[in-house]
Every structure is written in C-alpha cells, then in structure tokens.
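Encoded as structure tokens, the structure appears first; notes follow it.
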Amino acid sequence: MQAIAVFPSKKSLKLIDLPQPKPQEANDVLLRVHEVGLCGTDREISSFEYGSPPPGSDHLILGHESLAEVVEVGRGVRSLRPRDLVVAIVRRPCPHAECRACRGGRQDFCITGDYTERGIKGADGFLADYVVEDEAYLVKVPRVLADVAVLVEPLTVVTKAADQAQAIFNRLPYEPGPLRGLVLGAGPIGLLGAMVLVADGFETVVYSRDTDQSKQAQLVRSVGAKYMSSTSNPIETLAKGSGQFDVVLEAVGFAPLMLAATQMLKPNGVLALTGVPPEAATAELNVGRALRNLVLRNELVFGAVNAGRRDHLSAIRHLEQFMVLFPDSVRALITDRVALDEVPQILTEKRGIKSVVEMSRAA
Ligand SMILES: [Zn+2]
Ligand SMILES: [Zn+2]
C-alpha cells in the first residue's frame, strides 16, 4: 500500500510503499482510509517545524483529520462492525499513572505532555491506504454524513472550545438574554466556529483579513452570520464602547489580535483561544486596563486544544445540524479533493479553504 511520510532527519516528504498493516490485538480494527483533511499542522510538519516519528522509525506518516471504513474487527471489538464509517481520535494517553486526565480517558487534558498524536507526535497518521486502530480511539459516524465527515476532526477543536465556553457561561446566576458571538479568523476552524455559534443560537460576527467579496466572506453570510473584514474595519470597531460580545472564539494564532480580543467582551463574557502563536511573538497591550476589566467585569479567558470523545460526539451532532440548516455551506468548506501523490505539492501552496485527500471512494 501507499502512504505519505515525512523524514525529518533528511528533510524530505514523499510517497512510500509499505506492507498493509495487520490487526494484532483483540480490540484492533483494520480500516480502509477514505479521506484525510489537510491543515496548517500538516504544512508545519512538512516544513519540518515539528512532528516526530514513532520510536525507532526514521519517518512519520502524515495525516490526522481522518475518515475511514471498518474492514475487519478483532474478537474483542463490541461497538463497531465492517462497513461502519469512523473518525479517529488523534491524541493517545501518556503512560504515567499520576496523569488523571489520561487515566480517565481525557488525554486532551494531559498533564505530563507525554501523550502521542497520530500523524503529529510519535505515532503514524492516516495518509495511508490502510491503518490499524484500537476501538477505544474510534468514533462511529452516521453514513448520511459521509461526504462531509472528514470535517469532524477539525470541528472538534471548535466544539470543545464552544462547549466549555457554554459551561463557563452556565455559572452565571441569571438567565442571559440573546447572546452575541464573535469569531476571529475565517480559516477552516473559524468558519466551523461560526457555524457552531449560529447553530447554537448566537447572533454571530466573523472578523478576518479576507475581503468582503472573498469566498470566506460569502460562506460566512451564507450561514446567517455577519462578516467584517479587517481591511475596512479597524480592530477598535470591535471593542467600541464597553465591548460587544458574550463569547469570542479566536482561531487565528496572531498574538496581538489574541490580546486585543480581551477588550471585545461584554461584562461576564468569555474568550476562548484556539490559535497557537509563535513563541517569540510579542504584542502591546494596556495591561492595567485589561486586568482591571477581567476582574471588574467577571471576564474569563481560556485556551483549548485537541478534543476528547464527547467533543467528537458534539461535533457529529453539530455536523448533522449544519446539514439541515446550511448543507451547501458545509460542502463549500471543502474546496478541493486531491489524490495521495499530489500531497507533497499541495502542502507547499496555499489553496482554497480546506483541501481533502481522497484515498478510496466511499462505497
Ligand atoms: Zn488539522
Ligand atoms: Zn497524560
């Protein structure tokens, strides 16, 4: 079978031939990969910024946004059958007994940092014709979602952040009125974030650098959210007055904007950060005012990364909802489908919104 692998020590990325993997354990599931979404993480790994092969290997098979079909199940597998469609959870628990998060099945909250991630850190990914996976890390997807289910993994980033923002909101001792949400960024995560906020009943604004005529702006308007371009609206317009938003969902990873976002909250508001800025990034902020606001207005800022099983289930529920509310907009997120051997080329160029690698045609 074929796979796309990065060789960090040789600084190369190429198509390789491998024997088809075989299930070994009772809980193993043999999967035929249907589709794999590409994102900034894959671009960064293939430009050798990070990404590590499994122990003892010189290469890492790329790909973490998976959609696959069950081919064969081990005798211990209870929840899955051949022909089921599944999405794999990317992160695997660390080995440490003291990590209560990992021991409790929530490795997305791992305390030690010694987790592995398929296609990213210490474990092979899904850009291969076949993979073997433990049942524990597979989430079944309804077949009606087959043509968009490759979006489940990136959507989990948003559903984790949004569900936690909601949980934080639930601490309020009063019933909040109609809620206003702001999404910063109109990449795949930002656009999925806008869909989640709209579906969850927020009056939603998306702020990004794409122009008002861009595909991203059109997509935002098509789901019933408002689009504001940073080219015609300076950042201050968002923070005008006493802040305008109950929830701000950041999906840019640009440090100055992440800090400025603290000024955009209404009293009692919540800011969820999902972008990852470079470590050396600096930004200016009136720290006194920002900290005063946090305290005097009961505001909260939190970060969210990766996702657990419940976030995957939430993502699948949301995707089902999206396909009722605005199916064409969801499909429009996937701007191109490419073949496996095109991946090295695709990863060097900036394409539309979301590129998806088509491995085998969904039956
Ligand atoms: Zn991704
Ligand atoms: Zn852990």
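Which is modelled with pLDDT of 95 or more and either surrounded by 15 or more Cβ atoms within 10 Å (Cβ to Cβ) or under 24 Å from the mean Cα position of the chain (by Cα) (or both), of VAL252, VAL295?
VAL252
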Report summary line: The number of residues in segment 146-176 that are open to solvent by less than 20 Å² (accessible area, probe 1.4 Å) and among the aliphatic types (A, V, I, L, M) is 10
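Each row is one residue, and each column tells you yes or no for (1) aliphatic (A, V, I, L, M); (2) more than 13 Å from ligand 1 (Cβ to nearest atom); (3) more than 23 Å from GLY275 (Cβ to Cβ).
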{"position": "ASN27", "(1), (2), (3)": "no, yes, yes"}
{"position": "HIS34", "(1), (2), (3)": "no, yes, yes"}
{"position": "CYS39", "(1), (2), (3)": "no, no, no"}
{"position": "TYR50", "(1), (2), (3)": "no, yes, no"}
{"position": "SER57", "(1), (2), (3)": "no, yes, yes"}
{"position": "LEU62", "(1), (2), (3)": "yes, no, no"}
{"position": "GLU69", "(1), (2), (3)": "no, yes, yes"}
{"position": "VAL73", "(1), (2), (3)": "yes, yes, yes"}
{"position": "ARG78", "(1), (2), (3)": "no, yes, yes"}
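Taking the conditions exactly as written (among the hydrophobic types (A, V, I, L, M, F, W, C), closer than 26 Å to ARG317 by Cα, open to solvent by 10 Å² or more (accessible area, probe 1.4 Å) and in a strand (DSSP E or B)), does VAL139 satisfy them or not?
Numbers: among the hydrophobic types (A, V, I, L, M, F, W, C): yes; closer than 26 Å to ARG317 by Cα: yes; open to solvent by 10 Å² or more (accessible area, probe 1.4 Å): no; in a strand (DSSP E or B): yes.
No, not satisfied.
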Query raised in the report: Quick one: is ALA3 hydrophobic (A, V, I, L, M, F, W, C) and more than 16 Å from ligand 1 (Cβ to nearest atom)?
Result: yes
Query raised in the report: Restricting attention to segment 109-133, which residues are assigned to a strand (DSSP E or B) and either within 16 Å of ligand 2 (Cβ to nearest atom) or buried (at least 24 other Cβ atoms within 10 Å of the Cβ) (or both)?
Result: THR116, GLU117, ARG118, LYS121, GLY122, ALA123, ALA128, VAL131
Requested in this report: Report, ordered by the first and then the second residue, all pairs with beta carbons closer than 8 Å, sequence separation of six or more or different chains, a first member in segment 8-32 that is on the phi > 0 side of the Ramachandran plot, and a second member that is surrounded by 13 or more Cβ atoms within 10 Å (Cβ to Cβ).
Outcome: LYS11/PHE48
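Residues checked against (1) touching a helix residue (DSSP H, G or I) at 6+ places or on another chain (Cβ under 9 Å); (2) within 16 Å of ligand 2 (Cβ to nearest atom):
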{"site": "GLU35", "(1), (2)": "yes, no"}
{"site": "ILE45", "(1), (2)": "no, no"}
{"site": "GLU69", "(1), (2)": "no, no"}
{"site": "ILE89", "(1), (2)": "yes, yes"}
Requested in this report: Could you check segment 224-336 for helices (runs of 4 or more DSSP H) lying wholly inside it with 1 or more residues that are touching a Lys or Arg at 6+ places or on another chain (Cβ under 7 Å)?
Outcome: 309-325, 327-333
Query raised in the report: When you look at TYR50, is it away from ligand 2 (no atom under 16 Å from the Cβ) and either modelled with pLDDT under 95 or within 19 Å of VAL305 (Cα to Cα) (or both), yes or no?
Result: yes
Report summary line: LEU138 meets each of (1) of a type in the set (A, V, I, L, M, F, W, C); (2) within 29 Å of PHE302 (Cβ to Cβ); (3) in contact with a helix residue (DSSP H, G or I) (Cβ under 8 Å, 6 or more places away or on another chain) with one exception, condition (3)
Report task. Residues being open to solvent by less than 40 Å² (accessible area, probe 1.4 Å) and in a strand (DSSP E or B): count how many of those fall in segment 56-79. Result -> 8
Query raised in the report: Which residue out of VAL330, VAL305 is in contact with a Phe, Trp or Tyr (Cβ under 6 Å, 6 or more places away or on another chain) and of a type in the set (A, V, I, L, M, F, W, C)?
Result: VAL330
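The values are calculated or read from the model by the stated rules, or taken from the named source; none is laboratory data. Computed from a predicted structure; not experimentally measured. Methodologically, a virtual Cβ is constructed for each residue, glycine included, from the backbone with ideal geometry; neighbour enumeration extends over all protein chains shown. Side chains are part of the model used for accessible areas, which takes the heavy atoms of the whole protein and leaves out ligands, DNA and RNA. Shrake-Rupley method; radii C 1.70, N 1.55, O 1.52, S 1.80 Å.
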